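All remarks here apply to the structure that follows.
The values are calculated or read from the model by the stated rules, or taken from the named source; none is laboratory data. Note that this is a predicted model, so its numbers are computed, not measured. Here Cβ is always computed from backbone atoms with ideal geometry, including for glycine, and neighbour counts include all displayed protein chains. Please note that ligands, DNA and RNA were not included when accessible areas were found on the heavy atoms of the full protein model with its side chains. Shrake-Rupley method; radii C 1.70, N 1.55, O 1.52, S 1.80 Å.
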Amino acid sequence: MKNKLKALCLSIVLMAFSTLPSKAFIMDVWELRGVTGEEVSEATIAFKEKAMAGGAKYTAFRSSTKVRGDDTLDTTFVHAYYDSYEDQMTTQVLVGQNPDWFASTFGELDFTDVDNITWANDLPVGEVAAGQTVAYAMVEITSGINFLLNFPEMQKKMQELGAPVQVASASCALCGAEVLPTNAMVYFSAANPVDMGKGLDIFASDEMQRWMFSNMAPHANFTDQGIVVFNN
């Protein structure tokens, strides 16, 4: 367990090497396997209470369970949100100075693996509330300019078709070797699973899929896809 805790803490230290310019939305994501969503949720709530009382600058700190995609129900995520890299780094200093926050919460979990990615964007991930549902696709963008030109059109088309989801993307500010060649994430964010289902039905329509095949598919390779439901 000590080695796992060290690995988790090391992933936090490595965030200092993030290189993207300051953004309005920074999100650290830890992927945990071998523990239940309930266990991670309880640890997340306990950690958040200690960290926020100690001065951490999270705008939100919560967990989710993967309900669709590879390793469903065996994969949980911990999400930490910040308004800026300055807030992120300030918080990581505090976390490093107070190892008991981890040891007494996540350190009690017997997870089998942990990976970490830091995402950045100038848009929020969506409503921060219990029950929020996010469908994501982690991708390797092979033509950055074409992706940047076409993605706003994808957002516009989904909106015109009436999808009750936020369509957004985030760049990988820190991707470790275990997740490369992933360099971006495209996601749909909905207030609840029902709205997500409606959005996915629209995305799966012939009209939308023909557009995706012609305009987006040539410029990005999928590396992982899934749907997560937040636990707290």
### Message
For region 100-110, give me the residue count where each residue is in a loop (DSSP other than H, G, I, E, B) and open to solvent by less than 80 Å² (accessible area, probe 1.4 Å).
### Response
3
### Query
Which condition does Leu161 not pass, out of (1) touching a residue at least 12 places away in the same chain (Cβ under 8 Å); (2) closer than 27 Å to Gln88 by Cβ, if it passes all the others?
(2)
### Task
Determine the pairs where a residue that is within 15 Å of Gln159 (Cβ to Cβ), located within region 195-207, has a partner that is open to solvent by 70 Å² or more (accessible area, probe 1.4 Å) with Cβ atoms under 9 Å apart, the partner being 6 or more residues away or on another chain.
Phe203/Gln209
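Scan Phe61, Phe47 and give me the residue that is open to solvent by less than 20 Å² (accessible area, probe 1.4 Å), farther than 18 Å from Ile227 by Cα, without any contact (Cβ under 8 Å) to a residue 24 or more places away in the chain and not small (Gly, Ala, Ser).
Values: Phe47 fails: without any contact (Cβ under 8 Å) to a residue 24 or more places away in the chain.
One residue alone meets the criteria, Phe61.
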### Query
Considering only residues of region 198-218 that are open to solvent by less than 30 Å² (accessible area, probe 1.4 Å) and either among the charged types (D, E, K, R) or under 22 Å from the mean Cα position of the chain (by Cα) (or both), which is nearest to Leu161 (Cα to Cα)?
Gly199
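Scan region 65-83 and tell me whether some residue there is assigned to a helix (DSSP H, G or I) and of a type in the set (A, V, I, L, M, F, W, C). Explain how you work it out, then say what you get.
Taking region 65-83 first, the residues assigned to a helix (DSSP H, G or I) are none.
No, there is no match, as no residue in region 65-83 is assigned to a helix (DSSP H, G or I) and of a type in the set (A, V, I, L, M, F, W, C).
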### Message
Looking for something more than 19 Å from the chain's Cα centre (by Cα) and at pLDDT 90 or above - is there at least one such residue anywhere in region 164-178?
### Response
yes
### Query
Any idea which residue in region 2-56 is modelled with the highest pLDDT, counting only those that are more than 18 Å from Val95 (Cβ to Cβ) and in contact with a Pro (Cβ under 8 Å, 6 or more places away or on another chain)?
Phe25
### Message
Being crowded, with 20+ Cβ neighbours inside 10 Å and touching a strand residue (DSSP E or B) at 6+ places or on another chain (Cβ under 6 Å) is the requirement here; does Val139 meet it?
### Response
yes
### Query
Can you find a residue in region 145-154 that is at pLDDT 85 or above and under 22 Å from Met52 (Cα atoms)?
no
